[in-house]
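One structure below.
The values are calculated or read from the model by the stated rules, or taken from the named source; none is laboratory data. Owing to the predicted nature of the structure, the values given are computational and were not obtained by experimental measurement. In this analysis, Cβ positions are derived from the backbone assuming ideal geometry, glycine residues included, and neighbour counts consider all displayed protein chains. Surface areas here come from the heavy atoms of the whole protein model, side chains and all, with no ligands, DNA or RNA. Shrake-Rupley method; radii C 1.70, N 1.55, O 1.52, S 1.80 Å.
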Amino acid sequence: MTRQPAATHPARVLLGPQGGAAVLPVCDHYSGVEARMRKSLQLQAEMTREFGTCVFDVTLDCEDGAPVGGEAEHARLVAALARESEAGARVAVRVHPVDHPAFAQDMDTILGEAADRLCHVMLPKVESVDDILVAEKALQRNAGGRLQLHVLIESPAAVQRAFDIAAHPRVQSLSFGLMDFVSAHGGAIPASAMGSAGQFSHPLVLRAKLEIASACHAHGKVPSHCVVTEFKDTAAMQAAARRASQELGYTRMWSIHPAQIRPILAAMAPADAEVADAARILLAAQAAEWAPISDAGTLHDRASYRYFWQLLERAHATGMALPPTVAHWFS
């Protein structure tokens with residue numbers, strides 16, 4: 001009897017212990033002022049309809065968004081906005097650091113009122129795993145085991161401990177906090193290292209970025225690249241996103257202005273030819289029941305299949321139109 005090709009979904013076959021990090025939207029967009037938070041949620045809904053998938057997270061910001069003395073009111077506003085978001089929206093919150101007087105209030109108010117509408121909690125200024133344990137207790141108290149933590153690495157000491165922080169099971173992603181990292185060096189790093197060009201050339205900044213990306217990939221977490229403050233310079237934004245992705249191993253990046261979202265998507269997306277190659281190779285692999293194949297004189301097996309599957313995942317996450325022959329894998 002002739003055996004028919006297996007129709008097993010690539011994700012079930014290929015994403016074992018070495019499958020890599022969770023798949024998240026490649027852009028994480030931050031806003032903390034009420035009008036901008038509302039606009040961000042509206043834009044997310046519009047672009048989700050445009051692309052057929054959610055292509056960026058919206059993180060509602062308490063740390064920098066809440067006025068001094070108005071932290072409680074701001075937390076209630078964030079909770080209300082999260083509750084009002086459309087079904088299927090990816091909405092997160094950046095709370096105050098664990099040693100800030102408003103931290104517990106943020107967690108209790110926002111998670112107590114809107115935990116079921118959040119996709120994760122961003123925790124800033126994490127210095128060690130001890131900070132993760134404090135946040136985990138607050139998460140457990142208000143949301144049980146559902147929500148994951150995203151963590152901001154913003155100091156030399158935190159960079160040193162990045163591997164330990166990334167290893168914690170409640171941590172899903174590490175982000176690099178460029179501005180605070182430079183400031184933490186007491187003037188030893190020039191201000192130019194906070195710019196779109198200098199942050200890719202200063203040795204200490206570059207080393208920190210590589211450590212964070214390496215820690216994430218070692219533990220199956222998502223590395224998220226830092227901001228570009230020149231938000232009106234589309235070319236600088238796209239160049240930074242491309243370098244973060246292609247040279248430093250980052251699969252996600254922060255946006256601080258709506259105009260930065262589409263350049264990030266474009267820079268993080270694979271080329272059309274790469275998508276076509278990945279689709280062809282994976283279809284041939286599926287027909288061979290995931291045994292090794294030869295494509296254009298090149299041998300492929302499950303190691304390369306995993307790469308090509310993750311390339312298709314990134315194409316989908318950036319809103320690219322996939323070849324019809326493989327689009328059903330993402331239905």
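Quick notes on this structure:
- A simple spin-label model places pseudo-atoms 7 Å from Cα toward Cβ; at PHE231 and GLU247 they are separated by 2.5 nm.
- Taken over the range 184-331, the convex hull of the Cα atoms encloses 139 Å³ per residue.
- Lysine pair count for the chain (Cα-Cα distance under 19 Å; residues 8 or more apart in sequence or on different chains): 5.
- Taken per residue, the accessible surface of the chain reaches 44 Å², heavy atoms only and a 1.4 Å probe.
- Using every pair of separate Cα atoms, the Kirkwood estimate puts the hydrodynamic radius of the chain at 20.8 angstrom.
- A simple packing score, the average count of other Cβ atoms within 10 Å per residue, orders the peptides 165-178, 143-156 as 165-178, 143-156, with the highest score first.
- Alpha-carbon centroids, the range 79-122 and the range 213-228: separation in whole Å: 22 Å
- Charge tally for ALA279 (other residues, Cβ to Cβ under 14 Å; Lys, Arg +1; Asp, Glu -1): -3.
- Order by protection proxy (mean Cβ within 10 Å, highest first), peptides 246-252, 262-268, 34-40, 68-74: 262-268, 246-252, 34-40, 68-74
- Sum of side-chain charges, GLN44 neighbourhood, beta-carbon under 12 Å (Lys, Arg +1; Asp, Glu -1): -1
- Sulfur and carbon atoms: percent of accessible area, the range 103-152 [1.4 Å]: 49 percent
- The overall shape of the range 188-258, judged from the alpha-carbon gyration tensor, is oblate: a/c is not under 1.5, and a/b is no greater than b/c.
- Ordering 294-304, 227-237 by mean Cβ neighbour count within 10 Å, with the highest value first, yields 227-237, 294-304.
- Beta bridges per DSSP with both ends in the chain, % antiparallel, nearest 5: 10 percent
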